[in-house]
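I have placed the structure first, in the form of structure tokens, so that the comments after it can refer back to it.
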Amino acid sequence: MIALLKHELRFTAHSKMDNAYYETVDHLEKLGIDQDYIQGWVGGYLRNPEREEQRVTGAYKAGYEDGQGGVTDKALDWQRS
């Protein structure tokens with residue numbers, strides 16, 4: 001019984017993380033935010049290692065920093081026109 005409850009709690013927490021993740025990425029894409037920012041945000045949010053130095057752009061760096069904090073503060077700076 002206890003093992004089942006632990007599994008249910010983990011599933012619920014995981015589902016909430018997935019919803020926030022997917023909703024944020026969907027919103028950023030609909031706003032026309034630069035793909036490098038979005039890729040950086042995803043990497044930072046998921047706590048992935050940063051890209052190799054030669055592949056890091058300003059948009060990626062801003063997204064990575066925002067993703068680590070779970071925010072999108074710099075996203076509109078990278079909106080495509």
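Here are the numbers for this structure:
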quantity	calculated
For Ile33, residues with placed amide H under 5 Å, excluding near neighbours	Arg80
Theoretical gain in end-to-end length, Gln68 to Leu31 [0.36 nm per residue, Cα-Cα removed]	11.3 nm
With all protein chains modelled, accessible area of Glu23 [1.4 Å, Å²]	120 Å²
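The values are calculated or read from the model by the stated rules, or taken from the named source; none is laboratory data. Bear in mind the structure is a predicted one, so any value in this text is a computation, not a measurement. To get the accessible areas, we keep the full protein, side chains included, count just its heavy atoms, and leave off ligands, DNA and RNA. Shrake-Rupley method; radii C 1.70, N 1.55, O 1.52, S 1.80 Å.
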